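Novice: Mind having a look at this structure? Questions to follow.
Values in this text are rule-based calculations from the coordinates and carry no lab data. Because the structure is a prediction, the values reported are computed rather than measured. When we count neighbours, we look across all protein chains shown, and the Cβ atoms used for this are built from the backbone with ideal geometry, even at glycine.
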Amino acid sequence: MTETLNKYPEVQNYIGGNFESNGQDKLDIICPLDGTTLSTMPLSNSDDLDKAVKAAQAAYPAWSETPIKDRVQVFYKYKTLMEQNIDELAELVHLENGKTIGEARAEVEKSIELTEFACSLPQLVEGEVLEVSKGVECRIEKKPIGVVASIAPFNFPHMVPHWTIPNAIALGNCLILKPSEIVPISSIRIAEMLKKAGLPDGVLNIVHGAKEIVEAICNHPGIEAVSFVGSTKVAKIVYKASTSALKRCVALGGAKNHLLVLPDAHLEMTASNVVASMSGCAGQRCMAAAQMVGVGAIDHIIDKMCEEAKKLIPGENLGSVISAVAKERIERYITEAEEAGAKILVDGRNTTVEGKEGGFYVGPTIIDHVTPDMAIAQDEVFGPVVTIIRTKDLDEALSLENQSPYGNAAAVFTQSGGLARIVMDRASAGMIGVNIGVPVPREPFSFGGWNDSKFGAGDITGKSSIEFWTKPKKTTIKWNPEAQTNWMS
């Protein structure tokens, strides 16, 4: 990679094991912490994608025929490299995404866990064999599907690519990664470290760009499957385009997660969990607490939440949002809610950080007396903001949660096992928390929501990913001609 005057060298495509610049228009990569330029990135076109597909197709025969126990040896070595370089990787996520160093380190640790799961895949895809009749056996083997693609978002530049890279590749596929054009630098280190770990050239390819590359991935006849993580609006477009082109697709969209807080909830645990959920990663995660639904008398919990929120200091233990556009959008939602009659208990608007005046910061924000018809109660705000809607009982709270078009996560805070069970059964979401504000499943359990938070069958992580990234081959075998005993043999 060639040197530039920016903090990092120019971001380049990674095709067939080589970094290369395509000479197209460039996009500046801005550090959201202070507004400085980190690097530049090429806006690739469909020709660049086609070159990456051909490199993946060339690598596929040898890689797919490599025994899975040999394939995962790459990821054992890669996991060790991530552990040895975690500080560097976390610093990069911190700079290009705006997370705190602690949050960035946790993101890389999750990437390590995802890679560790991929190393266990040989024990999970052993296949099945059954003697179905005298002298006749049937067997099923899981085979890779070919060249696949992953389209990743800005909010987890290191972790979300690891939702797909280790599993898809360990299962024998060759992958094309399209990182977010806002945070592409982490993907370069991923490629460099996988190459060092022994991944053959062409098995992983990276093509940078924006809308044109996404459309090209959906339509390219050489790509068999697409995973997408991003907004619901774009997830619908990607899912429709990919499936119309006869590809497999799982597209994860946005969220409006509801946290139901009951009067008997543990005061300190609930307040700290709700605030951490809404403010972690500056609220820029699809598992964030966006909407608190208070059931009955919960003023004491809200007061404690405000105390906890005021402990968050932008630039110290609260990171930045991703861009000036994001900051303006978040603050507009807050202002519109206030004008509509909501009460701002903790106000994060107009936040600046001394010495980082060019950064994009929104302080923690708690808004009470929000009504379901307000825009801030319906839309995904994607910032360190939690709204509070008051309800008289649990039935009303669950009805409110069920009416949301999204269904990523829901949580309940209570000391009653019976009431928790009701929420677990009736909440319309794919991931449920009980006294947990961010109910992300750990490996081997898969990540995925319901309703408008996910389009497509199956998941791209955990055990469920095996079905998405493979296809079954069924073989029936007979060797003994004397075994003719019934119509089956």
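Novice: Helix-only estimate, please: 222 nm mean residue ellipticity of the chain, summing -39500 (n - 2.57) across DSSP H runs of length 4 or more and dividing by its residues, to the nearest 500.
Specialist: Numbers: 15 runs with 181 residues, N = 489.
Calculated mean residue ellipticity at 222 nm is -11500 deg cm²/dmol.
Novice: Cα axis of helix 68-84 to longest principal axis of the chain: angle in degrees, 0 to 90, nearest 10?
Specialist: Rounded to the nearest ten degrees, it is 30.
Novice: State to the nearest 20 debye the size of the charge dipole of the stretch 62-167 about its Cα centre, where the only charges are +1 on K and R beta carbons and -1 on D and E beta carbons.
Specialist: 320
Novice: Could you work out how much longer the chain between residue 303 and residue 6 gets when fully extended? Use 0.36 nm per residue separation minus the Cα distance between them, nm to one decimal.
Specialist: Additional length available on full extension: 102.4 nm.
Novice: Which of 96, 307, 331 has the fewest other C-beta atoms within 10 Å, and how do the rest follow up to the most? Let's see the in-between values first.
Specialist: Details: 96 28, 307 12, 331 20.
With the sparsest Cβ surroundings first, the list reads 307, 331, 96.
Novice: Nearest 20 debye, what's the magnitude of the dipole of the chain about its Cα centre given +1 on Lys and Arg Cβ and -1 on Asp and Glu Cβ?
Specialist: Roughly 1460 debye for the chain.
Novice: Moving on. Could you pull the Cα extents of the stretch 27-97 along its three principal axes, largest to smallest, in whole Å?
Specialist: Here the Cα extents, ordered largest to smallest, are 48, 36, 11 Å.
Novice: Same structure, new question: Would you mind listing how long the stretch 247-342 runs along its three principal axes, going by Cα atoms, in whole Å with the largest first?
Specialist: Principal extents (largest minus smallest coordinate, Cα): 48, 34, 31 Å.
Novice: In addition: Per the Debye formula with a single identical scatterer at each Cα and no solvent contribution, what log10 I(q)/I(0) holds for the stretch 319-415 at q = 0.20 Å⁻¹?
Specialist: Here log10 of I(q) over I(0) equals -1.03.
Novice: I'd like the antiparallel share, as a percent to the nearest 5, of DSSP beta bridges with both residues in the chain.
Specialist: Beta bridges within the chain, antiparallel portion: roughly 45 percent.
Novice: Report the equivalent ellipsoid semi-axes for the stretch 85-220 in whole Å, largest first, defined as the square roots of five times the eigenvalues of the gyration tensor built from alpha carbon atoms.
Specialist: 33, 19, 12
Novice: Going by how many other beta carbons lie within 10 Å of each one, how would you line up 8, 14, 76, fewest first?
Specialist: 76, 8, 14
Novice: For the chain, what is the convex hull volume of the alpha-carbon atoms per residue, in Å³?
Specialist: For the chain, the hull spanned by Cα atoms encloses 159 Å³ per residue.
Novice: Using the Cα centre of the chain as origin and beta-carbon charges of +1 (Lys, Arg) and -1 (Asp, Glu), tell me which of 111, 283, 377 is placed farthest towards the positive end of the dipole.
Specialist: Positive-end residue among those listed: 111.
Novice: Tell me, what are the semi-axes, in whole angstrom and largest first, of the equivalent ellipsoid of the stretch 1-159 as set by the roots of 5 times the Cα gyration tensor eigenvalues?
Specialist: Here the semi-axes work out to 38, 22, 13 Å.
Novice: Hey, another quick one. Work out the charge dipole of the chain with +1 on the Cβ of Lys and Arg and -1 on the Cβ of Asp and Glu about the Cα centre, then indicate which of 481, 243, 210 is farthest towards its positive end.
Specialist: Highest projection toward the positive end goes to 481.
Novice: Rounded to the nearest 0.05, what FRET efficiency is calculated for residue 134 and residue 426 with R0 set to 56 Å and r the Cβ-Cβ distance?
Specialist: 0.65
Novice: Please compute, for the alpha-carbon atoms of the stretch 112-190, the extent along each of the three principal axes and give them in descending order in Å.
Specialist: 61, 23, 17
Novice: Using a Cα-Cα cut-off of under 22 Å, which lysines could be cross-linked to residue 471, ignoring same-chain neighbours fewer than 8 residues away?
Specialist: Reachable lysines: 54, 69, 142, 143, 240, 247, 454, 463.
Novice: Tell me the Rg and the Dmax, in Å, that the Cα atoms of the stretch 258-428 produce.
Specialist: In Å, with Rg to one decimal and Dmax whole: 15.4, 51.
Novice: May I pose another question? Going by C-beta contacts inside 10 Å, put 187, 46 in order with the fewest on the left.
Specialist: Listing 187, 46 from fewest to most nearby Cβ atoms yields 46, 187.
Novice: How are the Cα pair distances of the stretch 291-348 distributed, in percent, across 5 Å bins from 0?
Specialist: Distribution as computed: 4, 14, 18, 23, 24, 12, 5, 1 percent.
Novice: How large is the dipole of the stretch 338-430 about the Cα centre if only Lys and Arg carry +1 and Asp and Glu carry -1, each at its Cβ, rounded to the nearest 20 debye?
Specialist: The dipole magnitude comes to about 260 debye.
Novice: Report the one residue of 321, 402, 419 whose Cα lies farthest in the direction of the positive end of the charge dipole of the stretch 258-428 (charges on C-beta: Lys and Arg +1, Asp and Glu -1; origin at the Cα centre).
Specialist: Projecting each Cα onto the dipole axis, the largest value belongs to 321.
Novice: Report the full-extension gain for the segment residue 123 to residue 474: residue separation times 0.36 nm, less the Cα-Cα distance, to one decimal in nm.
Specialist: Separation in residues times 0.36 nm, less the Cα-Cα distance, equals 124.4 nm.
Novice: Compute the convex hull volume of the Cα atoms of the stretch 379-450, divide it by the residue count, and report the result per residue in Å³ as a whole number.
Specialist: 113
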